[in-house]
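Read the figures in this text as sums done on the coordinates, not as results from a lab. Just so you know, these numbers come straight off a predicted model, no measurement behind them. Quick reminder, even Gly has a Cβ in these numbers, built from the backbone with ideal geometry, and neighbours come from all protein chains shown.
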Amino acid sequence: MRKPISVAEAIERIMTWCQQVEEEYVSLEQCDGRILAQHIEATMPIPWFDRSPYDGYALSAEATAEASSSHPVLLEVVGTVGAGTVWDGLLTPKQAVKIMTGAAIPNGANAVIMVELTKEIDKEGKRFVEIKRKVSEGENIVRIGEDMKQGEVVVEKGTVIHPGIVAVLATFGYDRVPVMKKPRVAIISTGSELLQVYEPLEKGKIRNSNAYMLQAQVRRIGGEPILFGKVPDTFEHTLQVVQKALREADVVITTGGVSVGDFDYIPQVYEHLGAKLLFNKVAMRPGSVTSAAVFENKMLFGLSGNPSACYVGFELFARPFIKAMLGQSRRYLKREQAVLQKDFLKPNPFTRFVRARASHHDGLLYVEPVGKDKSNIVSSLVQANALLVLPGGTRGFQAGDRVDVLLFEDEGDDIWR
Ligand SMILES: Nc1nc2c(c(=O)[nH]1)N[C@H]1C(S)=C(S)[C@@H](COP(=O)(O)OP(=O)(O)OC[C@H]3O[C@@H](n4cnc5c(N)ncnc54)[C@H](O)[C@@H]3O)O[C@H]1N2
Ligand code: MOO
Ligand SMILES: [Mg+2]
């Protein structure tokens, strides 16, 4: 007899065994999608020199104090400076330097006027710029540190590196980027009925779909999946491959063979290894037989063989564990309230996680169950972007009811509620 525990209790038992992975360095070109292992602190102010945001003329604002359309001011243009070059002299109040966007402000200048507001005039072989309005001190100058101040934490560790963060890393000269090592996650499919996806079908056999589904789920959260293929349902074969996986990976996930059938060997494998069983029954549907055990500080997840139960088991248990290994605080599926769009009248003796599609309309989140809801179903995983959570002990829900949903693609929550 197996004793069911709640999902919350199962998560708690797992999470106490979680250890963060080490960090490693990858090139800037390869860092997107990885998880930052250190805070990124501004090592200098950005920009680090005063610069012009426009093409125009750098000048001393005082010289334009009396300028108007009836009394234009003429300043002598003593040079031109483009981005990347520097005008070395010291500007006097009667002078201006033509300046381009991104160029450093010359010494002596304290404002820039846009080229559209000026006219350049040639007089006795000299260049002058005509200015018909007052320019204030500091106008059109991007100041040192305006973007980022020295010492400021710009990106926190644990953040998934996205294109904007790549830009910040390049700005500070990160040629190599400290990221969390990817946890190596072994994936073992058990089942004598399983075929390679390319093998011809035979009566009673099916293709191994769970392995590839799990591989994609592991990748989606930043882990490194390692496929250990499929094993026939014998104790020896199953034990052997689990032992090999324990040697080579940080986390071991098996699918199938975890229930009470004659050829379900995962419970015996845990026992033979002397692994510490954390649970072997969770009060939930699908995936009530989901199990977890610890061997030499490595987590073994025994997920159901049924595809939808396997998918849900991964998202509820393996996902937060792997994300925590990666140092991410938002490790749990994001939970939100939504309006149910269709009746779901089945009673829920255990907490039920229904594959569903959530979508926003006019600021409200709506959710509807998708496809067939049995745990052996694959097709409903196509449309699902969320799980509808129907608490154990409830009798059924009607369209219009407020329900909880867990969102697959969201950044996630810090806590399991
Ligand atoms: N007497 C009982 N029988 C069952 C119970 C129960 O409580 N009492 N629970 C049922 C439920 S619910 C589930 S879920 C399954 C869980 O079984 P296992 O985790 O042991 O998985 P298997 O028996 O190995 O396989 C179940 C099902 O999934 C198919 N499968 C397995 N691996 C794959 C794969 N890699 N890719 C695609 N499909 C796979 C397999 O062929 C079976 O049809 O137990 C119920 N029975
Ligand atoms: O473990 Mo089964 O998927 O509960 O239906
Ligand atoms: Mg079975």
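Show that you can apply the helix-only estimate: for the chain, add -39,500 (n - 2.57) for every DSSP H stretch of four or more residues, divide by all residues, and state [θ] at 222 nm to the nearest 500. Walk me through the numbers before you get to the answer.
On the way: 8 runs with 69 residues, N = 417.
Rounded to the nearest 500, the figure is -4500 deg cm²/dmol.
For the range 56-131, what relative contact order do you get, as a whole percent, if you take Cα pairs closer than 8 Å and at least 6 residues apart? Once normalised by length, the contact order is 41 percent.
Contact order, relative form, for the chain: 16 percent (alpha carbon pairs under 8 Å, 6 or more residues apart, mean separation divided by residue count).
With neighbours defined as other Cβ atoms within 10 Å of a residue's Cβ, the residues Phe314, Phe295 order from fewest to most as Phe295, Phe314. Under a point spin-label approximation (7 Å from Cα along Cα-to-Cβ), what is the Leu227-Asn297 distance to one decimal in nm? The two pseudo-label positions are separated by 3.1 nm. Among the listed pairs Lys3/Lys276; Lys230/Lys298; Lys157/Lys323; Lys157/Lys182; Lys94/Lys132; Lys94/Lys123, those whose Cα-Cα separation exceeds 18 Å are Lys230/Lys298. Straight-line cross-link partners of Lys149 among the aspartates and glutamates, defined as a Cα under 18 Å from its Cα and at least 8 positions apart when in the same chain: Glu41, Asp50.
As a proxy for reagent exposure, ranking Met284, Met114 by other Cβ atoms within 10 Å from fewest up yields Met114, Met284.
Around Val154, under 15 Å between beta carbons, what's the net of Lys plus Arg minus Asp minus Glu among the other residues? Could the numbers behind the result be given before it?
Details: positive: Lys149, Lys157; negative: Glu41, Glu146, Asp147, Glu152, Glu156.
Residues close to Val154 contribute a combined charge of -3.
Note on Asn385 and Asp414: their simple-model spin labels are 2.7 nm apart, each label 7 Å out from Cα toward Cβ.
Inverting the pair-averaged 1/r between distinct Cα atoms of the range 333-411 gives 12.5 Å as its Kirkwood hydrodynamic radius.
As a test of the definition: which semi-axes, in Å, follow for the chain when you take the square root of five times each eigenvalue of its alpha carbon gyration tensor? Largest first, please.
Its equivalent ellipsoid spans semi-axes of 64, 25, 18 Å.
Exposure proxy shown here: for Glu76, Glu124, the number of other Cβ atoms within 10 Å sets the order, fewest to most, as Glu124, Glu76.
Dividing the convex hull volume of the alpha carbon atoms of the range 82-231 by its residue count gives 226 Å³ per residue. How many percent of all Cα-Cα pairs in the range 56-131 sit more than 20 Å apart? Everything past 20 Å amounts to 22 percent. Using a Gaussian network model of the chain in which every pair of alpha carbons under 10 angstrom is joined by a spring, one finds that among Ser291, Ser69, Ser329 the greatest mean-square fluctuation is at Ser69.
Using the average count of surrounding beta-carbon atoms within 10 Å as a protection proxy, the listed peptides 146-156, 36-46, 206-216, 102-112 rank, highest first, as 102-112, 206-216, 36-46, 146-156.
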